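Report on the following structure.
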Amino acid sequence: MARQVEYLDELHIAIRYKHLCNATHRESVFVHEKNEKGETAWKGYVEVFDLTGHPETKTCYAWLNHKTNGINILTVLGNHLIDSAPKAIQAAIFTDAQIAFRSDLSVLNEQVQREKKALLETKIKSENLDAAIQAARDLKEIIKKTRSES
């Protein structure tokens, strides 16, 4: 019981700090969110808080999120679309997926920029590069054939 009180206090402090308003714990809601394959995407309790002093909403959903880089406290403000604990989880999953997607794209973009720079430094013309790529493919096929015949 004392651990639960500490947990709720931590969430309360996070809400006050992040959203600059007061929060009162209303209830704990168990959520089991599955993906389209039926696999568990998230499972656990979401704490629902009533807010006072927030200019836009009266509800906040909060929980601990265990990730590879540690534990984060997540808070999602209620609105006309996010009106339940499951919808708050869905919104967080969607947002996290969007951030990961953007992160992957930025890594890919950095790699493309490095490759472009390397090509410029070698001063290889694109037609020569195409020929070199084709030669490498041909060589790869010859090696495959040789290995399969051995």
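Which ranges mark the strands (runs of 3 or more DSSP E) fully within segment 1-76 that have 2 or more residues being acidic (Asp, Glu) and surrounded by 11 or more Cβ atoms within 10 Å (Cβ to Cβ)?
22-34, 40-52
Here is a yes/no grid of residues against (1) under 13 Å from LEU8 (Cα atoms); (2) in contact with a strand residue (DSSP E or B) (Cβ under 8 Å, 6 or more places away or on another chain):
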| position | (1), (2) |
| --- | --- |
| GLY38 | no, no |
| TRP42 | no, yes |
| TYR45 | yes, yes |
| THR57 | no, yes |
| THR75 | yes, yes |
| HIS80 | no, no |
| LYS87 | no, no |
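Taking residues in segment 83-100 that are under 21 Å from THR57 (Cα atoms), and partners anywhere that are of a type in the set (Phe, Trp, Tyr) and at pLDDT 65 or above, the pairs with Cβ atoms closer than 6 Å and at least 6 places apart or on different chains are ALA85/TYR61; ALA88/TYR61; ILE89/TRP42. Taken over segment 1-39, the residue count meeting the criterion of being under 16 Å from LEU51 (Cα atoms) and of a type in the set (S, T, N, Q) is 3. Exactly one residue among GLU10, GLU33, GLU39 is closer than 20 Å to ILE82 by Cβ, in the same structural domain as SER84 (by TED's automatic domain parsing) and not hydroxyl-bearing (Ser, Thr, Tyr), and that residue is GLU33.
The values are calculated or read from the model by the stated rules, or taken from the named source; none is laboratory data. Since the structure is predicted, the reported quantities are computational estimates derived from the model, not experimental observations. Neighbour counts are summed over all protein chains in view; Cβ atoms, including those assigned to glycine, are modelled from backbone coordinates with ideal geometry.
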